[in-house]
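Input: a single structure, listed below in structure tokens.
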Amino acid sequence: MNDKNKNLFKLSQKFIPGGVNSPVRAFSSVGGTPIFFKKGLGSKLWDENDKEYIDYINSWGPMILGHSHPEVIKSVQKVAKNSLSFGAPTSRELDMAEILVKLVPSIEQVRLVSSGTEATMSAIRVARGFTSRDRIVKFEGCYHGHADSLLVKAGSGALTFGQPSSAGVPKDIAKHTHTLTFNDIEGLEKCFNKMGEKIACVIIEPIVGNMNLILPHIKFLKKLRKLCTKYGAILIFDEVMTGFRVALGGAQDLYGVIPDMTTLGKIIGGGLPVGAFGGRKDIMQKLAPLGPVYQAGTLSGNPVAVAAGLKTLELIQKPNFYKQLSLNTKELVDGMKEGARKKGIAFSARSVGGMFGIYFREVPPNSFDEIMKSDREKFNLFFHSMLKQGIYFGPSAFEAGFVSAAHSKKDIKDTIKASYKAFESISD
Ligand code: KE4
């Protein structure tokens, strides 16, 4: 059959580096040809060959209501008729700011941008401006977008200068970033004892979704909070993925650990480009035009994108929204665990809110090292078997999965059934 995905991918590579506009979409880590989609409705996607899939990527998180939610589309259409962009303030941006201040415990003031990368890049700059310090701390396996300071891996030792993890990042920038081990309290204490007064900020995914789904030890988060307070370092929770995904108040609400700043993205745009960074008012007041820290954006607070985000944030506040989403997501992972058990496959899984992780190893991982030991080969076989059966998981063993409010009981049952076949194909 003439596979349009293959033809499109071949042609795309002539004009777009790697044929994609974001690397993970190229299927490099799972092999095979990326799927070109043309339509999404609710929990379903259709590719250019008109093949139907149940979608567990949700555009990497934003589509928590499912694709083409009628009320979101209506909102966007209504606003789009009155111009797509002004480059001037609009009342809608005020509505968005008010909602984020109301729903996110750490946010007293907030600024909108157009992506998660812009949010984290800007949050780090304002933390450096507020503290007049240069050093930042991140954690191996956490991803915060592609700003230079964040494309850094641990040096020879975590306490030595950071090394670029991407070409094009100057060593002089990377050296200010120290990379520690997630959930390692001792490493945290050593770092702060050695350089606490020099640290401008610590940025962390409080629940990690970028080395697959890894949960924090509560003691680790509490220790991090305490050390940042003691040494005057700004604690930034990067909730671009977990914000409004794991709970209405995000991971900070779930764990009761409140950062000084929070970055957001994905769901707050409802599928259109919106990011945000916010936090303590005294920190945010450092931003231009009030203060000395410059930050700007032509399409920041874009009225059409904000309209999609506002409607999404309105609908996820409905009673029992997260209760139902969490139950469906847990039913999915429990069903897959049962399937693997029956086929004797070393497999584990976990979920939090509308987010889940699947691991080809006996028990769920709690660290970067542990997730790196999962069986990628088996994941890739599982991924392709599910894809063939019309179930679309993230094309990487290191990405979390997402369930939307549009996923029906039948979708979950069909997915579990497909996983039984996928486990069977692996166990042969
Ligand atoms: P964007 O610049 O892609 O909007 O956001 C960057 C970002 C920041 N922080 C966290 C916790 C994130 O997960 C992300 C982006 N997530 C990836 C998925 N793992 C986006 C997918 C992609 O890169 O194509």
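The residues of segment 327-413 present an accessible area of 39 Å² per residue when probed at 1.4 Å with all protein chains retained.
Each residue of segment 359-373 was assigned a 3J(HN,Hα) from its phi angle through the Karplus expression (A = 6.51, B = -1.76, C = 1.60, θ = phi - 60°), giving 9, 8, 7, 4, 10, x, x, 10, 8, 4, 4, 5, 5, 5, 8 Hz with x at Gly and Pro.
In this model, which of Lys81/Lys281; Lys266/Lys323; Lys222/Lys337 are farther than 25 Å apart at the alpha-carbon? Beyond 25 Å: Lys81/Lys281; Lys222/Lys337. Close amide-amide hydrogen proximity is noted between Leu235 and Val202, Asp260, Met261, each under 5 Å apart and 5 or more residues distant or on a separate chain (H modeled in the peptide plane; Pro and chain starts excluded).
Excluding same-chain neighbours fewer than eight residues apart, the aspartates and glutamates reachable from Lys230 by a Cα-Cα span under 14 Å are Glu189, Glu197, Asp260.
Could you tell me what percent of the accessible area of the chain is made up of carbon and sulfur, with a 1.4 Å probe and every protein chain present? Accessible surface attributable to carbon and sulfur in the chain totals 55 percent.
A probe of 1.4 angstrom, applied to the heavy atoms of all protein chains, finds Ser425 with accessible area near 60 square angstrom.
Label segment 10-129 by shape, choosing from rounded, prolate and oblate, from the square roots a ≥ b ≥ c of the eigenvalues of the Cα gyration tensor; if a/c is under 1.5 it is rounded, and otherwise prolate applies when a/b is larger than b/c, oblate when it is not. Cα axes put segment 10-129 in the prolate bin. Normalised per residue, the accessible area of segment 1-151 is 51 Å², obtained with a 1.4 Å probe and no contribution from ligands, DNA or RNA. If only the Cβ of Lys and Arg carry +1 and only the Cβ of Asp and Glu carry -1, the dipole of segment 175-304 around its Cα centre is close to 280 debye.
Summing Cβ point charges (Lys, Arg +1; Asp, Glu -1) relative to the Cα centre of segment 70-315 gives a dipole of roughly 280 debye.
Ligands, DNA and RNA aside, Tyr231 has an accessible area near 30 Å² when probed at 1.4 Å. Treating r as the C-beta distance of Lys222 and Lys81 and R0 as 51 Å, the FRET efficiency rounds to 0.55.
When the pairs Lys74/Lys318; Lys4/Lys78; Lys4/Lys44 are compared against a 25 Å limit on Cα-Cα distance, Lys4/Lys78 fall above it. Whole-Hz Karplus values for segment 76-93 come out as 5, 4, 4, 6, 4, 5, 9, 5, 8, 6, 10, x, 8, x, 9, 5, 5, 5 Hz, taken residue by residue from phi with 6.51 cos²θ - 1.76 cosθ + 1.60 and θ = phi - 60°; glycine and proline positions read x. Accessible area of Thr229 (1.4 Å probe, protein heavy atoms only, ligands and nucleic acids ignored): about 90 Å².
Here's the picture: charge each Lys and Arg Cβ at +1 and each Asp and Glu Cβ at -1 in the chain, and of Cys201, Leu213, Ser68 the one pushed furthest to the positive end of that dipole is Ser68.
Spin-label pair Ser22-Asp282: with each label point 7 Å from Cα along the Cα-Cβ axis, the two points sit 3.6 nm from one another.
The values are calculated or read from the model by the stated rules, or taken from the named source; none is laboratory data. Quick caveat: nothing in here was measured; it's all calculated off a predicted structure. Positions of Cβ are generated from backbone atoms using ideal geometry, with glycine treated the same way; all protein chains shown enter the neighbour counts. These area figures cover heavy atoms from the full protein model, side chains too; ligands, DNA and RNA do not enter into them. Shrake-Rupley method; radii C 1.70, N 1.55, O 1.52, S 1.80 Å.
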